[in-house]
Amino acid sequence: MSLLYTNLILLVGTLIMRGATCTWNDTVDAPFDRLVPRCKNRPVARGAVSPTSAHIFTAVQSVISLGILNLLPRVSFIYAIPAILGWVLYPLAKRVTDYPQVVLGFPMAWGIFMGSVAVGADPLQLASDTASVSSPQQRYTLPTWALYTANVFWTLFYEIIYSHQDAAHDASAGVKNIVLLYHGKTKPLLAKLALGQVLLLASVGWLSQAGWVYWSATVCGSAATLLVILMNVKLDVPESCGWWFKVGCCGFTGTTMAAGLLGEYILRKAKT
């Protein structure tokens, strides 16, 4: 029941914070979005919502999300800082670097650390008062880092696919990204990211001595779904990229990773 309660807090906080970051992103990106057909009808871009109103909405959602952190260990506030900075910088990164997806990957995966500290671990050892986090088990520090890095790779994988939807218009709009840098030759990069993700997930299993459910679902399931995506996504067809981003990456791969982790937890709990 404690785990369900904690995950409910994380779910609500994530939904609200996601709303804040999307609002911030769409407000800052409005000048670009007006030049991209897929994005031009977003509320701020089309003028239905003023930038001032959007910024107020961002602030309100952020305050509510931070308020939810009060329900978690106090050190959660410290852990939230890198994620907030990453979200703020992401839309700005598109103007100055060809690797905005990398900038996005770090805060997107940061939920791994937020989840860890929420259940009583302190993988980054940021708590000044060790009593504020209940008995962190240091043997989980390395697998937590490996799981975080695997999710960074995963974010890069699906964001590159997502970005292909607007590749034809981003250049004229002045948006920088990896897709334009590689001039449509991103399949080998996607393959490397997928391989890296699977190897990192495997290292999580090895370091944490995970059982067969984790290995079959999270590791093998992710490998299978990533391979299917690589074989079937048509990067020059926006509709294909959109479908495989939403259904393939977020649906298939995300579900297999979560299923293996949940199954591993259930099996370990059953043995105690």
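The values are calculated or read from the model by the stated rules, or taken from the named source; none is laboratory data. Given the structure is predicted, the values throughout are model-derived calculations rather than measurements. Counting neighbours? That spans all protein chains shown, and the Cβs are built from the backbone with ideal geometry, glycine included.
You will find that of VAL204, VAL213, VAL179, the residue that is free of Cβ contacts under 8 Å to residues at least 60 places away in the same chain and either closer than 23 Å to LEU147 by Cβ or touching a strand residue (DSSP E or B) at 6+ places or on another chain (Cβ under 9 Å) (or both) is VAL213 and no other.
Across the stretch 42-54, not a single residue is classified as in contact with a His (Cβ under 9 Å, 6 or more places away or on another chain) and more than 30 Å from VAL119 (Cβ to Cβ). Within the stretch 229-260, being more than 15 Å from GLN197 (Cα to Cα), in contact with a helix residue (DSSP H, G or I) (Cβ under 7 Å, 6 or more places away or on another chain), assigned to a helix (DSSP H, G or I) and of a type in the set (A, V, I, L, M) holds for one residue alone: ALA259.
No other residue among SER172, SER216 is modelled with pLDDT under 90, farther than 19 Å from PHE245 by Cβ and in a helix (DSSP H, G or I) apart from SER172. Residues in the stretch 200-213 that are buried (at least 16 other Cβ atoms within 10 Å of the Cβ) and either part of a helix (DSSP H, G or I) or at pLDDT 95 or above (or both): LEU200, LEU201, ALA202, SER203, VAL204, GLY205, LEU207, VAL213. Any chance the stretch 186-197 includes a residue that's under 29 Å from ALA30 (Cβ atoms), in contact with a helix residue (DSSP H, G or I) (Cβ under 6 Å, 6 or more places away or on another chain) and surrounded by 17 or more Cβ atoms within 10 Å (Cβ to Cβ)? For the stretch 186-197, residues under 29 Å from ALA30 (Cβ atoms), in contact with a helix residue (DSSP H, G or I) (Cβ under 6 Å, 6 or more places away or on another chain) and surrounded by 17 or more Cβ atoms within 10 Å (Cβ to Cβ): present.
Just one of the numbered conditions (1) among the aromatic types (Phe, Trp, Tyr); (2) at pLDDT below 95; (3) closer than 25 Å to ARG74 by Cα is not true of TYR182: (3).
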